[in-house]
Each structure stands twice: as structure tokens, then as C-alpha cells.
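For reference, the structure discussed in these notes is given below.
The values are calculated or read from the model by the stated rules, or taken from the named source; none is laboratory data. What you see is a predicted model, and the numbers here were worked out from it, not measured in a lab. Here the Cβ positions follow ideal geometry from the backbone for every residue, glycine too, while neighbour counts run over all protein chains shown.
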Amino acid sequence: MLPGMMKHLSVTLQLPLDLIELIDAQARSEEIPPAEVMRRALRAALAPEPSFDLINRAAMSPEDAALQSALSVASGWLDLQNRLGQAGYVLRLGVAGDLGRLALHDRTSLQFLTALDEIGPTMDDLALRFRAPFPGIAAQPGARPPQTPRILPAWLRGRRDSA
């Protein structure tokens, strides 16, 4: 787990429309995602003196804040990868041989940093949120990514083209 990071889980709530409108208005006035407004309100109501204030982005490293921001506002896999890329990260498939998990890597060196589900949502959480499997994963349950196509030697490709 990266320093200063906390694990996140997706939660679904049914809220009255007037409360949703208040959350939306607050988010627009502060120019933050509605999820951030809800996290702040819950933290203030339930944990008035947290030992680690995830909402206080000033206390986080710029990289950690960018990662949390990308995870909280991404609208799809491509958007998430673009936002993570701007923060210096990239998601790659597979953690210790387990192709059902996503790993966070340094974008430049491709060095493994941590399993995404150790600091945030699981791949399944994100697939539900984005309504699509991680690119390269088939939609069937338990499916694995397609095998990398074998590159044929030039002499064999030539034969195939002339046949």
C-alpha cells in the first residue's frame, strides 16, 4: 500500500431527491465531485477527529491526491487510465500471477507499486461502475484475457500470402 493511502469500497445509497440536490449544489459551489461532498459530511458527522484525514488533500502527497482524485471522478476505463497517467501511474492486469486483479505501476518505469484493491476498489467494483470489464478481459465470468497472437516468421508469412 502506498504511504498515506486508505482502502476504499464502493457503496450504493438511496437518498431523497432534496438531499441529492443539496449534495450536487455543494459540489458545484466547491468545484469538487459529489462523492467528495458526501465523504466530507460523513467524516465530519462520524469521525470529528480522524487520525488520518483523507479529505485533506494538502496533507497528502501530490501523487496520492492525484490517484484518489482519478479514482473518485473517472467516468470509464480510458478516463481512469488517462487521469492515472497524468499522475504518473498506470493500471496493468495481474498481481502475482492473479489475472483477476489490477496492479498499480509507475507509468515511466512500469515498476509494480501495489495491488489496486489494497488501496481502493477491486477490478470487479470498477467493472460494475464503468459497466464494462477491464480492457482485454472478456465479459464472461471467470474469463481470462486473450492470448497474445503469435508472430509468424517472415518466410511463413510470405507463404501464407501467396497461397
Report, ordered by the first and then the second residue, all pairs with beta carbons closer than 9 Å, sequence separation of six or more or different chains, a first member in region 99-113 that is farther than 12 Å from Gln81 by Cα and in contact (Cβ under 8 Å) with a residue 60 or more places away in the chain, and a second member that is outside any loop (DSSP other than H, G, I, E, B) and charged (D, E, K, R). Leu113/Asp106
Hits in region 83-105 - residues which are over 14 Å from Ala115 (Cβ atoms) and more than 11 Å from the chain's Cα centre (by Cα): Gly85, Gln86, Ala87, Gly88
With (1) in contact (Cβ under 8 Å) with a residue 40 or more places away in the chain; (2) more than 23 Å from Pro121 (Cα to Cα) as the list, and Ser29 as the residue in question, which single condition is left unmet? (1)
I need the strands (runs of 3 or more DSSP E) fully contained in region 73-163, keeping only those with at least 1 residues that are at positive phi, at pLDDT below 75 and surrounded by 13 or more Cβ atoms within 10 Å (Cβ to Cβ). none
